[in-house]
1. Contact list please: Cβ distance under 8 Å, first residue in the stretch 11-40 and farther than 16 Å from His172 by Cβ, second residue modelled with pLDDT of 70 or more and of a type in the set (D, E, K, R), pairs at least six apart or on different chains.
2. Determine which member of the set Gly164, Gly196, Gly187 is touching a residue at least 60 places away in the same chain (Cβ under 8 Å), farther than 18 Å from Ala84 by Cβ and of a type outside the set (Ser, Thr, Tyr).
3. Filter the stretch 128-161 for residues that are hydroxyl-bearing (Ser, Thr, Tyr) and in contact (Cβ under 8 Å) with a residue 40 or more places away in the chain; which is surrounded by the most Cβ atoms within 10 Å (Cβ to Cβ)?
4. Does Val120 meet the test of being closer than 18 Å to Lys44 by Cα, surrounded by 13 or more Cβ atoms within 10 Å (Cβ to Cβ) and out of contact with any Ser or Thr (no Cβ under 9 Å at 6 or more places or on another chain)?
5. For the stretch 36-74, give me each residue that is open to solvent by 50 Å² or more (accessible area, probe 1.4 Å) and under 16 Å from Ile124 (Cβ atoms).
6. Select from the stretch 30-63 the residues that are of a type in the set (S, T, N, Q) and closer than 26 Å to Arg207 by Cα and list them in ascending order.
7. Restricting to the stretch 164-209, what's the tally of residues that are loosely packed, with under 15 Cβ neighbours inside 10 Å and aliphatic (A, V, I, L, M)?
8. Which count do you get for residues in the stretch 104-116 that are open to solvent by less than 10 Å² (accessible area, probe 1.4 Å), of a type in the set (D, E, K, R) and more than 13 Å from the chain's Cα centre (by Cα)?
Amino acid sequence: LHYRRHGFRIPPDVVDAWPRVSPDPQRYELPAKELRDATLAAGKEMVEARQAIGEDKELPKVVAEGLPLAFILCYHYAMSAADAARARFDWMQVQQSKDGPLDVMVYERHKTHRRADPPVEMEIAAALRTWPGRNGRAFVLPGTETDRYDLVTRHLSAWMRRLGWETGKCAHELRKLRCSEWATSDGIKWAARWIGDSEATAAAYYRDLLPEEMPNPYA
């Protein structure tokens, strides 16, 4: 179907001649706590500086300015690369929860077309609304569509690999980590809602309960 949409002529019996092979699904497992802690600490430092820090400051301007924003979208809002690249400032809303107001991003996830409305810390939302260089642009990430996508898939992933991540789609690991945190603290129902996936998909591919938060039944 993908090739046909791009104009290729595909034999009608290609599915019969070349059947799909589905590998066994692998359930998600959290990385070591040391790596998680180091990544969140480095991300926090970068967000507080409102720009890339250290050797990353020498990157092109659109990258140095966009890296902390990409971290915010992929971790704090648990967005996929495609959704982070198209994220807009006008997606930001304040909604009322049972415990008070929440700052959320309300959007339709590109892949599942499900509603997603991930909450974020008030200080992160406040930082986004006053981010230096925003200059009234519509998209959260700076640059062209290609620039925005590369910020996540290339540059944020490279930043994570320098911290010790070894997976293929490094930035996607931030989405999984955030989903795991929400599932641990608020349950899989809300974690799935906030990332825009079904509970089954979130439970299988995006969630592992934080072992350090495991309750002690003997306490």
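The values are calculated or read from the model by the stated rules, or taken from the named source; none is laboratory data. None of these values were measured; they are calculated from a predicted model. Ideal geometry is used to build each Cβ from the backbone, glycine not excepted, and the neighbour counts take in all protein chains shown. Only protein heavy atoms, including side chains, enter the accessible area calculation; ligands, DNA and RNA are left aside. Shrake-Rupley method; radii C 1.70, N 1.55, O 1.52, S 1.80 Å.
1. Lys33/Glu212
2. Working: Gly196 fails: farther than 18 Å from Ala84 by Cβ; Gly187 fails: touching a residue at least 60 places away in the same chain (Cβ under 8 Å).
Gly164 is the lone residue from the list that is touching a residue at least 60 places away in the same chain (Cβ under 8 Å), farther than 18 Å from Ala84 by Cβ and of a type outside the set (Ser, Thr, Tyr).
3. Among them, the one singled out is Thr153.
4. Values: closer than 18 Å to Lys44 by Cα: yes; surrounded by 13 or more Cβ atoms within 10 Å (Cβ to Cβ): yes; out of contact with any Ser or Thr (no Cβ under 9 Å at 6 or more places or on another chain): yes.
Yes, satisfied.
5. Hits for the stretch 36-74 are Ala41, Lys44, Glu45, Glu48, Arg50, Gln51.
6. Thr39
7. So the answer is 3.
8. First, pick out the residues of the stretch 104-116 that are open to solvent by less than 10 Å² (accessible area, probe 1.4 Å): 104-105, 109, 116.
Those left that are additionally of a type in the set (D, E, K, R): 109.
Those still in the list that are more than 13 Å from the chain's Cα centre (by Cα) too: none.
So the answer is 0.
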